[in-house]
Amino acid sequence: MADSAGVRQRLMILLVGIAALTLSLPCLAQDAETFSVGGNGQAWRDVGNAPGGVIDFVDRLTEVTDIAGESVFVNAPDSLRGWISPLRLRPDVNISLGVLDRGGSIDVNLASDEVDQDVLEGVINGNHKVAFDRKLIPGRTIVNNGVKIEIDLGARFGVNRIIFYPRMTESFPFDNDFLRGYELSLNDGLVLTPSGAPDFGPPVVRDADNRDVRVETVIEPQFVRFIEVKSTTFVGFEIDEIEIYGTGFVPNARYLSEILDFDDGVVWGAVSWTEISTGDPTSSSVEVRFRSGRDPTPDVYFRILTVGSRVTGRTRLDASGDTLTQASYEKLLRQGQRVEIDVDADNWGTWQLVGNGEDLVLPAPRQFLQFRIDFTNQSLAAGRAITDFSFQFGRNPPADRIVAEVGPPLVEAGVSTVFTYIAQVFNKTGRGGFDRFEIETPARVTAVRSVEIQDDQSNRLSGAEFGDLSAPMPLTVGDFSVVAVEDDHFALGIPRIVADGTRLKIVFETAAFRYGTRFRGRAFSDPSALPLLTEGGDATPELVTNAQLVRVSVGSSVAGPLEIEPGVFTPNGDGVNEEAQIAFTVLHLLDPSPVAIQILDLAGRRVRRLMTGSVVNGRFPLTWDGLSDSGELVPPGVYMVAFEIRSDRGTERRLGSVAVVY
Amino acid sequence: MGKYIRINGWIAVGLSCFLWAQQAQAQDYGVRLGNIKRGGEVDFSPTGPGVLFDALDPAVRKWYVPQELYSEYRWKQWEYTNYSRDRYQRYVDTALQGDYFYDLYGSFVTRGWLIYDWRQERPRQFGSSILKTRRFSQFFSKVIIASDAKGQYHYTLTIGEQIRTTLTPMTFSKPGFDGIQWDFSADKYEGTLLMARPSRPAVIAGIDDIPDTRTSATNLLGGRGVIQVGDFVKLGATYVTAYQSQTLLEDVTGSPFSGGSLTTDQNALPISRIIIRLSDDSPEDGEGGAALFDDEIIIKDVDGNVVRGSSIGFEPIREGGFQRVGFLAADGDERITLTYDFTDPSYLGPDRSVIKDVTFEYVISNDYKVEMTSDRQTNEDLQPVFLVVERAEGNIRDNSNQRVLRFDYGLPTSNVVFGFTLEANKLAGFDFYAEFDINKQYRKYPNVNLIDHRGTVDDSQAWMLNLSRNSYPFFMFLEGFSMDSDYSTRTFLSGTKAQAEIDYEDELRYIYEFVDDNDDQDRRPDWSRFGQPLVDNAVFPGYDENNDFISDFNQNDTDDRPNLLPDYDEPFLRYHTDRPEFLFGVDMNNNGWIDRFENDDQPDFPYRRDHRGYNLYVGAYIVPEARLTLGRMSEKLIDGDGVNRMTYLMFTYDKDMPGLGRLRLFENLKLAKDTIPDDLIQWVQPANTRGGPQRVFDPLAARDTWINSSYVQLDFRRIPRLNIITKLKVETYNQRKKQSDLRGVSSFVGLINKADYTFDLGRAQVQPRWKSEFRRERPTLKREAARRELTETLFLITRFPVLHNTVIELGLELSRFAQFRDKGGVPVDRRLTPDSNSRVLAIQFSNSSDYLGYLLHVNTGFRWQKQTFEFLPDATTSTVFTTAYAGLGR
C-alpha cells in the first residue's frame, strides 16, 4: 500500500512553461497570436477528436480516480482545467459496447449468407433480445465446431475479464444453450501476420467441457486488441453478449485535431503545453506532431477496383462518380469494401515532431494546420495528461513564400566548403517584405563572402563583399551588414526586399557534418515578428539542387580528423608559441555522444584530461597550454593527443602527436 | 574313365531327348508359322516385330499368327472348341504379374509393377511428374530401399515419406523427410544425396494411378560429404537448396545453382506497385527507429537502359513517419511506407512490361527494419505481404551507422544453405566440432517477356563451435555461436495447389522447412506444414520420460478416457507426482523455465537466430560424486536489442548410499544481466482441461540480478518397507537495481516430505502414506500474487487379495490445504484458492484373468469426495464405475 502510494507520490509536473517560453523568446512577435486548447483556451472536444475513443476529456484531473475513489494524478494542480489523458478503464465498464464506435469490428468465420451482420453485432451492443444463434433445430444443418467469433476492440486495452453467455431473460430463456466447449484467444495488436491480421497464439483458456452458463474468464491484466472465441463442440449454442472489462490506462491513445483553418497564410511560432504524469514516468510518454497544408483535405481516399478477387486498380470516385470524402470512405469501409488512404503529398507536408517549448518548423505560409497528440503507456499504472496546449502564429508574413536552394549538393563531411545559397521571394500579394535574413548553419560560418540581391532575371541589383569575419559585429558594407554570427546561424541586414521574383544570393563558408544538413533561411519583416521560413525548391537556374539540404559522403566513421597546430610548441612563458590548438571533428551523429580528449605520454599514461563531455556533430576547438592535470608544466618531449568517442555503434579513437620544447 | 564316358553318354542322350522334345513342342505351330517372336521362352527385348519366313504361305485364306489366346490357353483360330471333356477356362488377367518395363537404354528391366516414378521433362507443359502408385503404400508401406555393398563400400537408396534425415543441425534436419535419400559410406568417406519435390511430394495415386504433374514446382536438392583426415579429424561439406522450377523453360534456365526460376504464376503479370516499408527494429523502446535521409529508385529495362527516379521525377508516395531535420523518422510502432506506382500517369519511365529489374538506394540509419512487397507478393486475399530485406545491427539511435542501403526487388525463387564442418575426437584430449554455413536467398524480378530473369541474392551466415575436454578430475567446455537474424532454412512452395500461386503469408500450405521444429524429438514436427501427415498435438519436451506421448504430469489421460486433472492434484495419484515447480535444472536463458523443458516455435537450431556469443565453463570433480563448475556466458542479439551476460557457479552432488538412500544436491549461483526475451509456448494443464500449449512471455526477471537456485533431495531407504522422500527447492532472485515491474527480492521455497510404510495385516496389505507440501512464492513480477501455502495429506490404502486374481482395495485420503495468513488472520492473497479440506473414500474390486488370448482387467468401484472451502459452498462428488481393459501382458 505504502509502495503504491509512493509511486503516486512520484507524480511529476514536467513543464509549466509559458513563462519560460516567454523568457526564451525575448522578441515575441507583436503580431503573434496564440492558439490555445485546454486550460483557459478552447475546449479539446471543440478542436479535435479521439480516433478509437480512448482519450479521457476531464475538467479537473482529480476526477480521474481509482477503484477506491482516490485521485490517480494526486499532485495535479487544481488551478488547471481542461485536461486530456489516455482513457483509464473502470472495472465496471464493458469495453465491448463501444467497439463499433471506436472503429473496431466483430466478425465470424462463416459465409456471409450464413450470418446476419446486425445479429452478430448484437453480441456487443448490450441488447439482450438479440443473440448470435447457432442452435441446432430440426431442419437446420449447421456446423459449430470451429466457429470463431473475432472482435477487434478498435484500440488496445488492459483487459482482465471476459464474459459471455446466452440470453437468460424471461422472454428469451435460453440458459441451456450456452457454449459447451470453447477456446479463448487474445492478441495484443502488435503480433501480426505479414499482411497485418492478428496472429493468435495458443488460446489463453481452453475448456472442452464447459458447464458454466455464464463463462467468466479472469486473466492477468494484459494489453489486448483482438479477442477470439472459438466453439470446440458440435453442440448448438447462442451468445447473447460478450462483455470485456479491463483496468488501467490504455497503452496508446491519440488526440487528433480538426483541420484548423487560419483564413490566410500564416507563419508558425513556438508550441508549449503543461504535462503531468502518474506512475513510473519512464513508462509513459507524450509526442506532439504538426503538419500544415494548402487545402482542407490532407488525405486522399481510394476505392479498390476488383474483378472477382483480382485487384484491377483503384479510384478516387465512389460508385456515383463523386470524389470520396472521409465520410463516404468510412461508409465504404463499414460496408466491407476495400479502400485505401494516401496522403495528399502535393498540398500537405509530413508530420513533424515538436518538443515542448520548441518552434514549429512547418512549411509556411499555409492556411491549414493539423496537430495530433500521441500518448504511449508501457504500464497499466503509468499515464500522462496535458493541458494549456498552445502555439503562436503570425498573420502577416513578409512574403507569400520564399523558395531556397543551396549548392554544392554533395560535400565532404567536416571539410570547410564554400556554399552558395539563393532564395527567391514570391510576393504577388504585395506583402511588406523583409530586411533581415538568417541562415541556419551546422557550424559557425568562417566567412560570408558576398551578399547579392538579384531581380527575377538574376541580374544583380545590389550587393556587398565581406570576406572573413574577424572584425567585430555588425560588419557593415553599404546597405548590407552581417548582424550576428552564432554557432548555429548567422544573420544579415539587407535592403528591404519586397518585389515578387527577387533573389537573394549569399556565398558563405562553413562545413557540413552529416547527411541531410539543412541550410534553412528565416526572413524577418522586423525583429519582433515571427519569421517566414524558407522552403526547398527551384529558386534559381544557377543551382540544380532544388533543395536546402546538403548531402555529405556517407561514411562509416563518426570520429573525424584530429587537428593539432602547431606540431611543436614552447609553453615557457615568453608569450610566443605558448599553446597548441587542438580541434576534433565529430561526424554524422544525431544525438550527443560521450567524448574524451586526453594528452598521453609515450608510455600511454594520462598527463592531462583536456575535455570530457557529450557532443553531437561538428568541429570542436581546444587549447593545451602544456600543463598537466596537477597544474605543472610537463617535461619536454613528444606527447600523444587521444580523441575518443563512444557512439551507439562502438568506440572510435584518433591519435595525434605534439611536441613540447623549452 | 570308361565310367565317366558312360555317364556323359547318358547325359548326351538325355539332353538330345530334351532338345527334341522342345523342338517337337515348337513344331506344333512353329513349323507352320515360322520363327517365333512371342510365346514360349519369351524375349521382351524391344527389338520390334521381325519377318516370319514360315508364314510366307501364298494362300488366300488368312490365319492370324497365334498370339495371346494360343500362348495362354492353346486355343487355335481354326479349331472347333468343344468343352465337353476339357472344360472351359475363364480368361485370366494378363497383367496379373504386372507390366513389362524397360530402362533408358531399352533393356528389359522386369515384369512387375511401377511403384514410384519421378521425372522432369523440359520444355513442356506439366513437365514435372511424380507417380506413387497404390502399391507404394500397400506393398511397401511408403518406404522402398535399394542397397548394395562390396568390401568397405556400402550404399543405400531410400525412397520414403517419413525418413528421419539430418545432414547437420543448422542445415537440414527433419523427422519426416519425404523424398529420395541416397547414402554412401566407405571406411574414410561418407556421403548423402537428397532429392524431393516438396511442393507435391506425397500424393499417393488413386485407383487410376495417374501421376501428379506440375508445370511449376518447388524441388529440393541436398547433399553432404564427409571425409576422414587422419585418425581423428573429419571434414564435411553440406549443400541444400530448394528452388522454384518451371518446366516450360529450357534445361539451362533456372538451375538450382542459379537461384531457380520464377513460376508461371510469379511471371504471369508485370509488377504495378512496389511498396517499401521502414520501421523501428526495436519498437519497444519507442525511439531511435528507422531514419530515412534519401531514397532513389533505379529502373533498368530489357534493352539495358538505366533510369533513375530522380531524373524523371518519379517520386514514391511517402506515408507515415515524421519529419526531422534532413530525414524522415519512424520510431516505436510508426512506419514509413514508400509506394512506387508504375501505373501512375506521372510515371515516365520504361513501361512496366519491359522493366528488367528495379534497384533501390536508401540513405538510412539507426535501428531500421526494411521490408518490401508488391502487388504480386500477396496473400490469398491479394493483400500485400511484406518480406524483410534488411535489419540494422544492434540498436543504434545516434546515426552512427548511416549507410547507403542498396537492394533489388524480386519475388523469392530459391533458398540455398551450404557450409562446412570440422570434427575432431580425442585430438590432444579435446573433442571439437565446428560448423560454418552460408544462407543465400534468391529473388528474381518478373517479366513475362524474358526467359532468364535477373536475380538478386541476400546472404547470411551462421556458425558454431564446441570444444570440450574431460581429464579427470578436471573438465572444460567452450561453445561459440553466431546466427544472423535473416539466416533462414525455409522456402516458399509453389504448386501445392492446382495453380502455381504462392500465398506468401500462409505457412501451413506454402512454406517448407529444412530444419523442423521438433522440441520433443518425436516422429512429428511440432508445427503444421504442407505435406506433413500429422500435426503434433502434444508437445511437452522433457515431460514424457516414458515416451508414451502423454505428459508424465497426467499419466492416466488417454484419448478414450480423457483425464482433466493433473496427477499432482488428483486424489491418491498426488502422492507420487509432484508439481512441476519442484523440478530443477539449468536455465541458461533466465526465462524462469528449465531449458530441457522448453518448447518454442522455432527451427531446432542448436543456437537461436540473431544471437552471437560464447559460453565457457571449467570444473572439477571434488570427489567422484561431487562436481564444481564455474562458467561465464555472454551473448547478444545481433540485430535486436539485448544482451545476456552471466557468470555462474554450479555444484552438484549425487550419491547413492547403501543402507541410507540417495542424496542429491544442486546449487547454482548466477550473476546475470539478461535483457533478451526468450518467449516460449509451454504445455500447461489448467483445471478441467487436458492441457495444451500456452504462450509464455519471458518477464526478463534477470536484468541485473543475483540468482540462486538450490535443490536437495533425499530418498531414505534404510528401513525395509519404509520410504521417505524429502525435496527442498529454494530459488531467489535479488535485483541489483530497482525495476518498476519486478520485486526487489523474489523467491520460491518449496518443501515436500512424504513417507509410506507397507505392512501386512493378516492377508491384507496396508500402506499408510503421508505427504506434506509447502510452497512460499514471491513471483518476480509484482503484478503476480505472492503465496504461502501448506497442503497436508494422509492416505490409507488397504489391499485384500481374494481368490487367485481378485483384489479388493480400500482407500482413504484426507487432505488439508491452508494459506498462511498475516498477523490479522487474513490470507496472503484472497485471489488465490481458498483454504479447504478434502475427504476421499474409494473402494475398488479388481479382477485380472485371461480371456480369448487377452489379459482382461475388470475394475469395479466407487469413489466419493467431499470438499469444504473457506469462502465457497461445500462440494461433494462421487463416481461409480465398472471398467474393463484388455491387455497383452501382465
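The values are calculated or read from the model by the stated rules, or taken from the named source; none is laboratory data. Computed from a predicted structure; not experimentally measured. Quick reminder, even Gly has a Cβ in these numbers, built from the backbone with ideal geometry, and neighbours come from all protein chains shown. Just the protein is used for accessible areas: all its heavy atoms, side chains included, with ligands, DNA and RNA removed. Shrake-Rupley method; radii C 1.70, N 1.55, O 1.52, S 1.80 Å.
Give segment B:371-401 a look and list any residue that's at pLDDT 95 or above and open to solvent by 10 Å² or more (accessible area, probe 1.4 Å), or say none. Within segment B:371-401, just B:Glu371 meets the criteria.
Residues in segment B:452-472 that are outside any strand (DSSP E or B) and open to solvent by 40 Å² or more (accessible area, probe 1.4 Å): B:Asp452, B:Arg454, B:Tyr472. Among the residues of this structure, A:Val554 does not count as one that is surrounded by 16 or more Cβ atoms within 10 Å (Cβ to Cβ), within 14 Å of chain B (Cβ to nearest Cβ) and in a strand (DSSP E or B).
Look at B:Leu262 and say whether it is facing another protein chain (nearest Cβ under 10 Å), touching a residue at least 60 places away in the same chain (Cβ under 8 Å) and either buried (at least 19 other Cβ atoms within 10 Å of the Cβ) or among the aliphatic types (A, V, I, L, M) (or both). Let's see the steps before the verdict.
Details: facing another protein chain (nearest Cβ under 10 Å): no; touching a residue at least 60 places away in the same chain (Cβ under 8 Å): yes; either buried (at least 19 other Cβ atoms within 10 Å of the Cβ) or among the aliphatic types (A, V, I, L, M) (or both): yes.
Here the answer is no, as B:Leu262 does not meet what is asked.
For the structure I just gave you, tell me whether A:Leu184 is within 14 Å of chain B (Cβ to nearest Cβ) and open to solvent by 40 Å² or more (accessible area, probe 1.4 Å). Break it down stepwise before answering.
Details: within 14 Å of chain B (Cβ to nearest Cβ): yes; open to solvent by 40 Å² or more (accessible area, probe 1.4 Å): no.
Judged against the criteria, A:Leu184 is not a match.
Could you check, for segment A:401-423, whether at least one of its residues is assigned to a loop (DSSP other than H, G, I, E, B), in contact (Cβ under 8 Å) with a residue 24 or more places away in the chain and among the basic types (Lys, Arg)? No. Looking across segment A:347-389, the residues that are outside any strand (DSSP E or B) and over 15 Å from A:Val271 (Cβ atoms) come down to A:Asn347, A:Gly349, A:Thr350, A:Pro363, A:Pro365, A:Gln378, A:Ser379, A:Leu380, A:Ala381, A:Ala382. On inspection, B:Gly811 does not qualify as under 27 Å from B:Asp560 (Cβ atoms), open to solvent by less than 70 Å² (accessible area, probe 1.4 Å), of a type in the set (Gly, Ala, Ser) and outside any strand (DSSP E or B). Can you spot a residue in segment B:402-413 that is among the polar types (S, T, N, Q), away from chain A (no Cβ under 13 Å) and surrounded by 24 or more Cβ atoms within 10 Å (Cβ to Cβ)? Within segment B:402-413 (the criterion being among the polar types (S, T, N, Q), away from chain A (no Cβ under 13 Å) and surrounded by 24 or more Cβ atoms within 10 Å (Cβ to Cβ)), the answer is yes, since at least one residue qualifies.
A search for C-beta distances below 7 Å between a residue of segment B:272-289 that is under 21 Å from B:Leu700 (Cβ atoms) and any residue that is among the β-branched types (Val, Ile, Thr) and open to solvent by 30 Å² or more (accessible area, probe 1.4 Å), counting only pairs 6+ apart in sequence or on different chains, returns B:Gly286/A:Thr376.
Are any residues in segment B:336-369 among the β-branched types (Val, Ile, Thr) and away from chain A (no Cβ under 14 Å), and if so, which ones?
Of segment B:336-369, the ones among the β-branched types (Val, Ile, Thr) are B:336-337, B:339, B:343, B:354-355, B:358-359, B:363-364.
B:Val354, B:Ile355, B:Val358, B:Thr359 - these are the residues of segment B:336-369 that are among the β-branched types (Val, Ile, Thr) and away from chain A (no Cβ under 14 Å).
Note on segment B:422-441: residues that are within 12 Å of B:Ala237 (Cβ to Cβ), open to solvent by 10 Å² or more (accessible area, probe 1.4 Å) and touching a residue at least 60 places away in the same chain (Cβ under 8 Å) total 1. For segment A:339-361, the candidate set comprises residues that are facing another protein chain (nearest Cβ under 9 Å) and of a type outside the set (Gly, Ala, Ser); within that set, the residue that is surrounded by the fewest Cβ atoms within 10 Å (Cβ to Cβ) is A:Ile341. Close contacts from segment A:248-275, counting a first residue that is within 14 Å of chain B (Cβ to nearest Cβ) and a second that is among the polar types (S, T, N, Q) and not in a strand (DSSP E or B), with Cβ to Cβ under 8 Å and a gap of 6+ residues or different chains, come to A:Gly248/A:Ser379; A:Pro251/A:Gln378.
Yes or no: B:Lys636 open to solvent by 30 Å² or more (accessible area, probe 1.4 Å) and touching a His at 6+ places or on another chain (Cβ under 8 Å)? Talk me through it step by step, then tell me what you get.
Details: open to solvent by 30 Å² or more (accessible area, probe 1.4 Å): yes; touching a His at 6+ places or on another chain (Cβ under 8 Å): yes.
Considered against the rule, which asks whether it is open to solvent by 30 Å² or more (accessible area, probe 1.4 Å) and touching a His at 6+ places or on another chain (Cβ under 8 Å), B:Lys636 comes out as yes.
For segment B:270-353, the strands (runs of 3 or more DSSP E) that sit wholly inside it and include 2 or more residues that are surrounded by 17 or more Cβ atoms within 10 Å (Cβ to Cβ) and among the hydrophobic types (A, V, I, L, M, F, W, C) are B:273-280, B:290-301, B:327-330, B:335-341. Would you mind stating whether A:Phe513 is aromatic (Phe, Trp, Tyr) and surrounded by 21 or more Cβ atoms within 10 Å (Cβ to Cβ)? So A:Phe513 fits the description; yes. B:Val730 satisfies every condition listed in (1) in a loop (DSSP other than H, G, I, E, B); (2) free of Cβ contacts under 8 Å to residues at least 40 places away in the same chain; (3) not aromatic (Phe, Trp, Tyr) except (1). Determine if segment B:376-394 includes at least one residue that is outside any strand (DSSP E or B), among the acidic types (Asp, Glu) and more than 31 Å from the chain's Cα centre (by Cα). Checked segment B:376-394: no residue is outside any strand (DSSP E or B), among the acidic types (Asp, Glu) and more than 31 Å from the chain's Cα centre (by Cα). Pairs please, first residue from segment A:489-518 and within 14 Å of chain B (Cβ to nearest Cβ) and closer than 20 Å to A:Arg551 by Cα, second anywhere and acidic (Asp, Glu) and open to solvent by 20 Å² or more (accessible area, probe 1.4 Å), Cβ atoms under 9 Å, 6+ apart in sequence or on different chains. From residues that are within 14 Å of chain B (Cβ to nearest Cβ) and closer than 20 Å to A:Arg551 by Cα, the pairs are A:His489/A:Glu440; A:Ala512/A:Glu412; A:Tyr515/B:Asp294; A:Gly516/B:Asp294; A:Arg518/A:Glu440. Among what's in segment A:281-313 and is open to solvent by 60 Å² or more (accessible area, probe 1.4 Å) and charged (D, E, K, R), pick the residue that is farthest from the other protein chains (Cβ to nearest Cβ). Ranking the qualifying residues of segment A:281-313, first place goes to A:Arg294. Taking the criterion of being farther than 30 Å from B:Gln383 by Cβ, open to solvent by less than 40 Å² (accessible area, probe 1.4 Å) and more than 10 Å from every other protein chain (Cβ to nearest Cβ), the residues of segment A:194-217 that qualify are A:Val215, A:Thr217.
Of all residues in segment B:480-497, none are at pLDDT 90 or above, in contact with a strand residue (DSSP E or B) (Cβ under 8 Å, 6 or more places away or on another chain) and under 21 Å from B:Val696 (Cα atoms).
In the set B:Ala498, B:Ala424, which member is assigned to a strand (DSSP E or B) and of a type outside the set (S, T, N, Q)? Of B:Ala498, B:Ala424, the one residue that is assigned to a strand (DSSP E or B) and of a type outside the set (S, T, N, Q) is B:Ala424.
Of the strands (runs of 3 or more DSSP E) lying entirely inside segment A:563-662, those containing at least 1 residues that are of a type in the set (S, T, N, Q) and open to solvent by 70 Å² or more (accessible area, probe 1.4 Å) span A:580-586, A:606-615. Return yes when A:Lys129 is more than 14 Å from chain B (Cβ to nearest Cβ) and either under 30 Å from B:Asp280 (Cα atoms) or surrounded by 14 or more Cβ atoms within 10 Å (Cβ to Cβ) (or both) and no when it is not. Criteria not met by A:Lys129. Candidates in segment B:680-700 are the residues that are of a type in the set (A, V, I, L, M, F, W, C) and more than 7 Å from every other protein chain (Cβ to nearest Cβ); of these, the one that is least open to solvent (accessible area, probe 1.4 Å) is B:Leu680.
A:Phe426 - would you say it is within 27 Å of A:Leu590 (Cα to Cα) and among the aromatic types (Phe, Trp, Tyr)?
Numbers: within 27 Å of A:Leu590 (Cα to Cα): no; among the aromatic types (Phe, Trp, Tyr): yes.
No.
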